[in-house]
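The values are calculated or read from the model by the stated rules, or taken from the named source; none is laboratory data. Treat the numbers as computed from the prediction; the structure is a model and nothing was measured. Every residue, glycine among them, receives a Cβ derived from its backbone with ideal geometry; neighbour counts consider all protein chains shown. Surface accessibility is based on the protein's heavy atoms, side chains included, excluding ligands, DNA and RNA. Shrake-Rupley method; radii C 1.70, N 1.55, O 1.52, S 1.80 Å.
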Amino acid sequence: MELDWSKLGFSYLETHCHIRYMWRDGRWNEGELVNEPYLNIHIGATALHYGQAAFEGLKVFRGKDGVPRAFRPLENARRLNRSARRSCMAEVPEDLFMDAVRRVVKANMDFVPPYGTGASLYVRPLLIGTGERIGVNAADEYAFIVLVIPVGAYYKGGLQPVRALVMDDYDRAAPHGTGTVKLGGNYGASLLPHKLAHDKGFPIDLYLDAAEHKYIDEFGTSNFIAIDGKGAFVTPMSTSVLPSVTNDGLRTVAKDLGMAVEVRPVLFEEIATFAEIGACGTAVVLTPVNEIVRGDRVIKVGPREGCGPVLQNLYNNYTAIQWGNAPDRYGWLVEI
Ligand SMILES: *Cc1c(COP(=O)(O)O)cnc(C)c1O
């Protein structure tokens, strides 16, 4: 494979194949590896008209021993099924999900970046309604697809802090809406506010609870985490936040390091009291946030340059597990 691993970013790149399973007559088929990155579906497919579409994201890391390992794939299987239930799609049995990940990674083994490059293989499962329904209803046919893309080390020169803009004119998810599941529609709704924030020079957008704009929900595509004045790990409890696998893992690592962990409603007004703030998700693990802007208010948090010491330590410990350089105490790594 003539790929320059150091030049990889986070964007689509053609690999050998993806894997595709179809659900018809109430059951999933055997699945097949497909070379062409195209899907031929009915123009009345519910994914196109009514948003029956959910996705996932996880990574495969090649360890020092050369063995590729998927990081907590079962968590993604379970979350995909929560998304499926919320939008009335066929569920994907956990063993089928795991089999799909294994088969597609094995078929694209030479796209799994070598250890030491910081690059990894991003795995993107997708579940969509492909059956035709013009009357608003759940489809009777679904496709479960898993594609893979080699992605680069996000931080080439250490963790770099960013500014975030509070979106007061837009909400990401309603309290009893679909914010807790990973539906494509959530992203469709966030594209415009994300673009507006980006055009003003903010790489990330922060959303407050839709009912009152008093509590913190999360960033557009990543969870909100903070270290408070006493050194505790704090993250919002909310009925409209997507339960991030990264957030869950960082909390576990924090507890293992002897830190207090608080999952509770977090007032926007508390931001000024936090020592460090971060955005977390699979793609980058953790991005330090050193400035939060809401209208005319500018709130500065943590060091101006680089990452605060507590989040940096969490990041180091977490990524050490991913690369197989620290004990895998919870069985998070699944050999391919
Ligand atoms: C996927 C996602 C995250 C991050 O979740 P991870 O499982 O850590 O990748 C955070 N917020 C939203 C809205 C998401 O869709």
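From largest accessible area down, sort V334, V266; use a 1.4 Å probe on the protein chains. Before the final figure, lay out each step's value.
Numbers: V334 35, V266 0 Å².
Accessible-area ranking of V334, V266, largest first: V334, V266.
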**OP:** Note the angle between two axes, namely the Cα long axis of helix 73-86 and the longest principal axis of the Cα atoms of the chain, as a number of degrees from 0 to 90, rounded to the nearest 10.
**Re:** 80
Original post:
Running Debye on the range 216-303 with equal point scatterers at the Cα sites and no solvent, what base-10 log of I(q)/I(0) appears at q = 0.15, 0.18, 0.26 Å⁻¹?
Top reply: -0.51, -0.75, -1.56
Original post:
Can you list, bin by bin at 10 Å, the percent of alpha carbon pairs in the range 15-86, starting at 0?
Top reply: 14, 35, 38, 10, 2
Subject >> Three-way shape call for the chain based on the alpha-carbon gyration tensor, with the a/c threshold at 1.5 >> reply: oblate
Subject >> Accessible area in square angstrom per residue, the chain, 1.4 angstrom probe >> reply: 45
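Taking only C-alpha pairs under 8 Å that are 6+ residues apart, what is the relative contact order of the range 102-170 in percent?
On the way: 76 pairs, mean separation 21.4, N = 69.
31 percent.
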Original post:
Going by the alpha-carbon gyration tensor, a ≥ b ≥ c the square roots of its eigenvalues, is the range 5-151 rounded (a/c under 1.5) or, if a/c is not under 1.5, prolate (a/b greater than b/c) versus oblate?
Top reply: prolate
**OP:** Tabulate in residue order the Karplus-calculated ³J(HN,Hα) for the range 194-201, using 6.51 cos²θ - 1.76 cosθ + 1.60 with θ = phi - 60°, rounded to whole Hz; enter x for Gly and Pro.
**Re:** 5, 5, 4, 4, 4, 5, 8, x
Original post:
the range 40-127: which trypsin sites (Lys or Arg not before Pro) are DSSP loop and have at most 12 other beta-carbon atoms within 10 angstrom?
Top reply: K64
**OP:** In whole Hz, with x marking every Gly and Pro, tabulate ³J(HN,Hα) for the range 2-8 from phi via Karplus 6.51 cos²θ - 1.76 cosθ + 1.60, θ = phi - 60°.
**Re:** 8, 9, 8, 4, 6, 9, 5
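Give the carbon-plus-sulfur fraction of the accessible surface of the range 5-151 in %, rounded to a whole number; probe 1.4 Å, heavy atoms of protein chains only.
Within the range 5-151, the accessible surface is 51 percent carbon and sulfur.
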Original post:
Roughly to the nearest percent, how much of the accessible area of the range 265-322 is carbon and sulfur, given a 1.4 Å probe?
Top reply: 55
Original post:
Where is the GNM fluctuation largest for the chain (alpha-carbon springs, 10 angstrom cutoff): T287, T130, T273?
Top reply: T273
**OP:** Select from P93, G331, Y50 the residue farthest towards the positive end of the dipole of the chain; place +1 on Cβ of Lys and Arg, -1 on Cβ of Asp and Glu, and compute about the Cα centre.
**Re:** G331
**OP:** Using a 1.4 Å probe and ignoring any ligands, DNA or RNA, find the accessible area of W323 and quote it in Å² to the nearest 10.
**Re:** 40
Original post:
Highest GNM mean-square fluctuation, the chain, Cα pairs closer than 10 Å: which of L39, L267, L206?
Top reply: L39
**OP:** Using the Karplus curve 6.51 cos²θ - 1.76 cosθ + 1.60 with θ = phi - 60°, work out ³J(HN,Hα) for each residue of the range 271-281 in order, rounded to whole Hz, and write x for Gly and Pro.
**Re:** 3, 4, 8, 7, 7, 8, 10, x, 10, 10, x
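Placing unit charges on C-beta atoms (Lys and Arg positive, Asp and Glu negative, everything else neutral), compute the dipole magnitude of the chain about its Cα centre in debye, rounded to 20. Display every interim value, and only then the final one.
Values: 35 positive and 39 negative charges, 84 e Å.
The calculated dipole for the chain is roughly 400 debye.
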Original post:
Got the relative contact order for the chain handy, in percent, Cα pairs under 8 Å and 6 or more residues apart?
Top reply: 19
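Taking GluC sites (Glu not before Pro) as exposed when DSSP calls them loop (any state but H, G, I, E, B) and at most 12 other Cβ atoms lie within 10 Å, what is the longest stretch of the chain free of them, the sites themselves excluded? Let's see the in-between values first.
Details: sites that count: E2, E14, E30, E212, E305.
Formally, the longest exposed-site-free interval is 31-211.
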**OP:** Could you grab the relative contact order for the range 5-151? Cα pairs under 8 Å, six or more apart, rounded to a whole percent.
**Re:** 36
